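Notes for the one structure printed next.
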Amino acid sequence: MQLRFLGTAAAEGYPDPFCDCDNCRQARARGGRSLRRRSSALIDGELLIDPGPDLLAASLSDGVPLVGLRYCLQTHEHADHLDPLHFFARSPMCAVKGHGRLEYLAGEGALATAAAKLGLAKGFLDPETAGRWNLAARAIEPFREYAVGPYRVRAVRADHDPKITALLYLIERDGRCLFYATDTGELPDETWTDLKARAAEGLKLHVVAMDHTFGMAGRVRGHMNWEQFTEQVARLRDLGLLTDGARIFAHHIAHHSNPCHEELSAFAAEHGYEVAHDGLEVEV
Ligand SMILES: [Zn+2]
Ligand SMILES: [Zn+2]
Ligand SMILES: [Zn+2]
């Protein structure tokens, strides 16, 4: 699988356009990998994880058309991960023709939020609405597995916002597996139980992209700092889930707690992981 990071920032973007902290000032001065759009990722040009608010900007500035998009996974309904207007842009309502229906997998809450944001009387599970928007929507739940074209997708539960169901994804194709794990704090016990069962079945992870929102700050709930991040990685390794040479990426980077890309990458390298940046392509 070819993984491309379309965005790697937390909800406010990096730099936060309204912020004058040292990190934001540095990022503006340096540009390049220190500039981060809101988090989103694309696999093989056909599977999108999170249609976030910067999807258009990513497509424009990285020269990545989304013409081949066939599948979309939603981690959760927070606004930095879900801008359903993108579905409008792909639909016959915008004179876009020739695409099959986009398979959209999301939790019930995310589906309801998407419909509400668009002011739809009926949600995307309604056949007439789905047809108009050229979507084939599926309401999904944690700890279940879904066939999505050539991909096998397993959703597990995040520890993020207790008011919603936030999902993390194990995405497999041709014996290779990506664990896409933002937004989350330390993984909940039931997720570890599920991962342990997958490990017993022989699952191996080749790439992990995990929440690093609070980088150098103290320990938090709902997101992670670097210590919590490395503890989760160690636990994945203890379960035998990581292949030799598995690549581990910090993702969902917030300006208030993470230095610019070069410094953060140097720190991460000392602790056995890497830092994702916008436009980064990784062979899973
Ligand atoms: Zn987020
Ligand atoms: Zn700042
Ligand atoms: Zn969130």
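Any read-out appearing in this document is the output of simple, stated calculations on the displayed coordinates, not a laboratory observation. Note that this is a predicted model, so its numbers are computed, not measured. Using ideal geometry, Cβ is built from the backbone for each residue, glycine included, and neighbour counts are taken over all protein chains shown.
What does the extension gain come out to for F18 and D189, with contour length at 0.36 nm per residue minus their alpha carbon separation?
Between F18 and D189, full extension yields 57.8 nm more.
For the chain, with only Lys/Arg (+1) and Asp/Glu (-1) charged at the beta-carbon, what is the dipole magnitude about the Cα centre, in debye rounded to 20?
720
How much length, in nm to one decimal, is gained on full extension between D126 and E201, taken as 0.36 nm per residue of separation minus their Cα-Cα distance?
Here the answer is 23.3 nm.
Output the antiparallel fraction of DSSP beta bridges having both residues in the chain, as a percent to the nearest 5.
Antiparallel bridges: around 50 percent, rounded to the nearest 5.
Build a GNM of the chain with springs between Cα atoms under 10 Å: which of D44, D16, D80 gets the top mean-square fluctuation?
D44
Which of L264, C94, F18 sits closest to the plus end of the dipole of the chain, meaning its Cα is farthest towards the positive end, when Lys and Arg get +1 and Asp and Glu get -1 on the C-beta?
The residue sitting farthest along the positive end of the dipole is C94.
Considering only DSSP beta bridges with both partners in the stretch 102-178, what is the antiparallel share in %, to the nearest 5?
DSSP beta bridges in the stretch 102-178 are roughly 75 percent antiparallel.
If you take the beta carbon distance between S61 and L239 as r and set R0 to 41 Å, what does 1/(1 + (r/R0)^6) give as a FRET efficiency, to the nearest 0.05?
Once the sixth-power term is evaluated, E becomes 0.60.
Report the antiparallel proportion of the DSSP beta bridges in the stretch 1-60 as a percent, rounded to a multiple of 5.
90
Rounded to the nearest 0.05, what FRET efficiency is calculated for R221 and E141 with R0 set to 30 Å and r the Cβ-Cβ distance?
After rounding, the FRET efficiency stands at 0.85.
Please give every one of the aspartates and glutamates within straight-line cross-link reach of K117, meaning a C-alpha to C-alpha distance under 12 Å, and leave out same-chain neighbours fewer than 8 residues apart.
Reachable aspartates and glutamates: E77, D83.
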